[in-house]
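Working notes, structure below.
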Amino acid sequence: MKIMNKESKRNKALCFSGHRTEKLPKNKDKFTDLLRDLSIEIDKAISEDYDTFIFGACYGFDLICAEQVLLRKQIIQYTNPVNIKLIAVVPFEEQAAKWKEQDRDKYFNILSKCDDVIILNKHFKTGCYHERNRYMVDNSSKLICYYDGSGGGTGYTVEYAKKRSIEIVNLCTSVTSHFNYADIDRIFDEQAAYRIKIHAIIRNCQYLGVKGLIRE
(Lines give C-alpha, C1' and ligand atoms only; values in the text may rest on other atoms or scores of the structure.)
Protein backbone atom coordinates (compact mmCIF):
# COMPACT_ATOMS: atom_id res chain seq x y z
CA MET A 1 0.00 0.00 0.00
CA LYS A 2 1.30 3.42 -0.89
CA ILE A 3 1.73 5.95 1.89
CA MET A 4 0.66 9.55 1.32
CA ASN A 5 0.72 10.85 4.88
CA LYS A 6 3.54 13.39 4.67
CA GLU A 7 2.18 16.59 6.16
CA SER A 8 3.17 18.75 3.18
CA LYS A 9 1.20 16.53 0.79
CA ARG A 10 -1.75 16.30 3.16
CA ASN A 11 -2.04 20.08 3.41
CA LYS A 12 -2.41 20.37 -0.38
CA ALA A 13 -4.82 17.44 -0.76
CA LEU A 14 -8.58 17.24 -0.46
CA CYS A 15 -10.97 14.34 -0.78
CA PHE A 16 -14.54 13.81 -1.95
CA SER A 17 -17.31 11.75 -0.41
CA GLY A 18 -20.98 11.55 -1.26
CA HIS A 19 -23.99 9.42 -1.91
CA ARG A 20 -24.51 7.04 -4.77
CA THR A 21 -26.69 8.00 -7.71
CA GLU A 22 -29.89 6.81 -6.04
CA LYS A 23 -29.62 9.49 -3.32
CA LEU A 24 -28.50 12.41 -5.47
CA PRO A 25 -30.99 15.12 -6.59
CA LYS A 26 -33.46 13.83 -9.19
CA ASN A 27 -34.74 17.28 -10.11
CA LYS A 28 -32.81 18.67 -13.08
CA ASP A 29 -32.48 22.18 -11.64
CA LYS A 30 -31.28 20.89 -8.27
CA PHE A 31 -28.76 18.60 -9.94
CA THR A 32 -27.51 21.53 -12.02
CA ASP A 33 -27.15 23.53 -8.80
CA LEU A 34 -25.09 20.69 -7.33
CA LEU A 35 -22.74 20.66 -10.33
CA ARG A 36 -22.37 24.45 -10.13
CA ASP A 37 -21.60 24.37 -6.41
CA LEU A 38 -19.12 21.55 -6.89
CA SER A 39 -17.39 23.46 -9.69
CA ILE A 40 -17.11 26.54 -7.49
CA GLU A 41 -15.58 24.58 -4.61
CA ILE A 42 -13.05 22.79 -6.83
CA ASP A 43 -11.97 26.05 -8.45
CA LYS A 44 -11.74 27.71 -5.05
CA ALA A 45 -9.53 24.86 -3.83
CA ILE A 46 -7.23 25.21 -6.85
CA SER A 47 -6.97 28.95 -6.19
CA GLU A 48 -5.96 28.05 -2.62
CA ASP A 49 -3.11 25.87 -3.98
CA TYR A 50 -4.71 22.46 -3.49
CA ASP A 51 -3.10 20.23 -6.08
CA THR A 52 -4.22 16.70 -5.15
CA PHE A 53 -7.82 15.50 -5.39
CA ILE A 54 -8.71 12.11 -3.91
CA PHE A 55 -11.95 10.23 -4.56
CA GLY A 56 -13.36 6.90 -3.42
CA ALA A 57 -14.15 5.59 -6.91
CA CYS A 58 -17.81 4.67 -6.39
CA TYR A 59 -20.59 5.50 -8.84
CA GLY A 60 -22.60 8.60 -8.06
CA PHE A 61 -21.04 11.64 -6.39
CA ASP A 62 -17.50 10.18 -6.44
CA LEU A 63 -17.40 9.81 -10.22
CA ILE A 64 -19.09 13.18 -10.74
CA CYS A 65 -16.31 14.82 -8.72
CA ALA A 66 -13.65 12.93 -10.64
CA GLU A 67 -15.11 14.10 -13.96
CA GLN A 68 -15.01 17.72 -12.78
CA VAL A 69 -11.35 17.41 -11.77
CA LEU A 70 -10.47 15.77 -15.09
CA LEU A 71 -12.11 18.68 -16.88
CA ARG A 72 -9.81 21.09 -15.05
CA LYS A 73 -6.76 18.98 -15.88
CA GLN A 74 -7.55 19.67 -19.54
CA ILE A 75 -7.46 23.45 -19.15
CA ILE A 76 -4.21 25.12 -20.19
CA GLN A 77 -3.54 28.22 -18.08
CA TYR A 78 -0.86 30.00 -20.06
CA THR A 79 -0.25 32.80 -17.55
CA ASN A 80 -0.37 30.67 -14.41
CA PRO A 81 -0.03 26.95 -15.19
CA VAL A 82 -1.24 24.72 -12.37
CA ASN A 83 -0.67 20.99 -12.26
CA ILE A 84 -3.29 19.03 -10.34
CA LYS A 85 -3.49 15.32 -9.66
CA LEU A 86 -6.48 12.99 -9.44
CA ILE A 87 -6.08 9.93 -7.24
CA ALA A 88 -8.58 7.09 -6.94
CA VAL A 89 -8.72 5.04 -3.74
CA VAL A 90 -10.44 1.74 -4.48
CA PRO A 91 -11.63 -0.32 -1.49
CA PHE A 92 -11.20 -3.66 -3.29
CA GLU A 93 -10.30 -4.72 -6.80
CA GLU A 94 -13.67 -6.16 -7.89
CA GLN A 95 -15.89 -3.40 -6.49
CA ALA A 96 -17.50 -2.57 -9.87
CA ALA A 97 -18.29 -6.16 -10.84
CA LYS A 98 -22.01 -5.94 -10.01
CA TRP A 99 -22.65 -2.34 -11.09
CA LYS A 100 -24.78 -1.34 -14.06
CA GLU A 101 -22.84 -1.45 -17.31
CA GLN A 102 -23.06 2.33 -17.76
CA ASP A 103 -21.60 2.99 -14.31
CA ARG A 104 -18.92 0.35 -14.80
CA ASP A 105 -17.84 1.79 -18.16
CA LYS A 106 -17.61 5.30 -16.68
CA TYR A 107 -15.65 3.93 -13.71
CA PHE A 108 -12.97 2.23 -15.79
CA ASN A 109 -12.75 5.19 -18.17
CA ILE A 110 -12.11 7.57 -15.27
CA LEU A 111 -9.60 5.23 -13.60
CA SER A 112 -7.65 5.10 -16.85
CA LYS A 113 -7.21 8.89 -16.68
CA CYS A 114 -6.19 9.13 -13.01
CA ASP A 115 -2.65 10.04 -12.01
CA ASP A 116 -2.68 7.19 -9.51
CA VAL A 117 -5.03 4.36 -8.52
CA ILE A 118 -4.58 2.97 -5.02
CA ILE A 119 -6.26 -0.42 -4.46
CA LEU A 120 -6.47 -1.19 -0.76
CA ASN A 121 -7.59 -4.85 -0.99
CA LYS A 122 -7.69 -7.49 -3.69
CA HIS A 123 -11.00 -8.93 -2.47
CA PHE A 124 -13.94 -7.61 -0.48
CA LYS A 125 -13.64 -7.82 3.28
CA THR A 126 -15.81 -6.51 6.07
CA GLY A 127 -14.96 -2.88 6.78
CA CYS A 128 -13.08 -2.24 3.54
CA TYR A 129 -15.30 0.72 2.58
CA HIS A 130 -14.65 2.39 5.93
CA GLU A 131 -10.95 1.63 5.48
CA ARG A 132 -11.11 3.48 2.16
CA ASN A 133 -12.89 6.43 3.75
CA ARG A 134 -10.37 6.72 6.60
CA TYR A 135 -7.49 6.52 4.12
CA MET A 136 -8.84 9.45 2.14
CA VAL A 137 -9.45 11.63 5.21
CA ASP A 138 -6.09 10.74 6.77
CA ASN A 139 -4.36 11.99 3.63
CA SER A 140 -6.37 15.21 3.20
CA SER A 141 -6.83 18.55 4.90
CA LYS A 142 -10.29 19.17 3.43
CA LEU A 143 -13.41 17.16 2.61
CA ILE A 144 -15.95 18.17 -0.04
CA CYS A 145 -19.04 16.04 0.39
CA TYR A 146 -22.69 15.64 -0.51
CA TYR A 147 -24.28 14.40 2.72
CA ASP A 148 -28.04 14.53 3.35
CA GLY A 149 -27.81 13.47 6.99
CA SER A 150 -28.67 9.81 6.42
CA GLY A 151 -26.50 6.92 7.50
CA GLY A 152 -24.02 4.97 5.39
CA GLY A 153 -20.48 5.45 4.22
CA THR A 154 -20.74 9.19 3.62
CA GLY A 155 -22.02 9.77 7.15
CA TYR A 156 -19.14 7.69 8.50
CA THR A 157 -16.65 9.74 6.47
CA VAL A 158 -18.08 13.05 7.67
CA GLU A 159 -17.94 11.96 11.31
CA TYR A 160 -14.38 10.69 10.88
CA ALA A 161 -13.38 13.98 9.24
CA LYS A 162 -14.80 15.85 12.23
CA LYS A 163 -12.67 13.72 14.57
CA ARG A 164 -9.62 14.46 12.45
CA SER A 165 -10.49 18.20 12.55
CA ILE A 166 -10.24 18.75 8.79
CA GLU A 167 -12.34 21.32 6.95
CA ILE A 168 -15.70 20.03 5.70
CA VAL A 169 -17.78 21.53 2.89
CA ASN A 170 -21.20 19.90 2.56
CA LEU A 171 -22.77 20.72 -0.79
CA CYS A 172 -26.12 19.39 0.35
CA THR A 173 -26.53 22.47 2.55
CA SER A 174 -23.91 24.76 1.00
CA VAL A 175 -24.65 28.49 0.84
CA THR A 176 -22.86 28.52 -2.51
CA SER A 177 -26.15 27.33 -4.01
CA HIS A 178 -27.31 30.94 -3.71
CA PHE A 179 -24.27 32.47 -5.45
CA ASN A 180 -24.18 33.95 -8.90
CA TYR A 181 -21.15 35.07 -10.87
CA ALA A 182 -21.38 38.58 -9.48
CA ASP A 183 -21.04 37.09 -5.99
CA ILE A 184 -18.01 35.07 -7.07
CA ASP A 185 -16.24 38.21 -8.26
CA ARG A 186 -16.64 39.73 -4.81
CA ILE A 187 -15.57 36.62 -2.91
CA PHE A 188 -12.64 35.29 -4.90
CA ASP A 189 -9.77 37.14 -6.44
CA GLU A 190 -9.99 38.21 -10.06
CA GLN A 191 -7.99 35.28 -11.37
CA ALA A 192 -10.07 32.64 -9.60
CA ALA A 193 -13.32 34.25 -10.75
CA TYR A 194 -12.04 34.36 -14.34
CA ARG A 195 -11.16 30.66 -14.19
CA ILE A 196 -14.63 29.76 -12.92
CA LYS A 197 -16.30 31.70 -15.71
CA ILE A 198 -14.07 30.11 -18.36
CA HIS A 199 -14.94 26.62 -17.08
CA ALA A 200 -18.63 27.49 -17.19
CA ILE A 201 -18.38 28.80 -20.75
CA ILE A 202 -16.58 25.65 -21.88
CA ARG A 203 -19.17 23.39 -20.25
CA ASN A 204 -22.06 25.38 -21.68
CA CYS A 205 -20.58 25.31 -25.18
CA GLN A 206 -19.77 21.61 -24.82
CA TYR A 207 -16.22 22.40 -25.84
CA LEU A 208 -17.24 23.63 -29.31
CA GLY A 209 -15.13 26.40 -30.76
CA VAL A 210 -12.68 26.60 -27.85
CA LYS A 211 -9.99 24.19 -28.99
CA GLY A 212 -7.30 26.70 -28.09
CA LEU A 213 -8.07 26.19 -24.42
CA ILE A 214 -8.32 22.41 -24.44
CA ARG A 215 -5.55 19.86 -24.40
CA GLU A 216 -5.79 17.53 -27.37
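Check every one of the helices (runs of 4 or more DSSP H) wholly within the stretch 114-216 and list those with 1 or more residues that are at pLDDT 50 or above and crowded, with 18+ Cβ neighbours inside 10 Å.
128-138, 153-163, 190-205
Can you tell me how many residues within the stretch 71-113 are of a type in the set (Phe, Trp, Tyr) and either assigned to a loop (DSSP other than H, G, I, E, B) or within 19 Å of Ala13 (Cβ to Cβ) (or both)?
3
Can you tell me how many residues within the stretch 47-61 are surrounded by 19 or more Cβ atoms within 10 Å (Cβ to Cβ) and either in a helix (DSSP H, G or I) or touching a Pro at 6+ places or on another chain (Cβ under 9 Å) (or both)?
4
Ile64 - would you say it is under 27 Å from Tyr160 (Cβ atoms), in a strand (DSSP E or B) and not basic (Lys, Arg)?
No; evaluated as a whole, the condition is false for this residue.
Name every residue in the stretch 19-46 that is buried (at least 20 other Cβ atoms within 10 Å of the Cβ) and part of a loop (DSSP other than H, G, I, E, B), in order of residue number.
His19
The values are calculated or read from the model by the stated rules, or taken from the named source; none is laboratory data. Every value quoted in this text rests on a predicted model; they were computed, and no experiment measured them. Neighbour counts run over all protein chains shown; Cβ positions are idealised from the backbone, glycine included.
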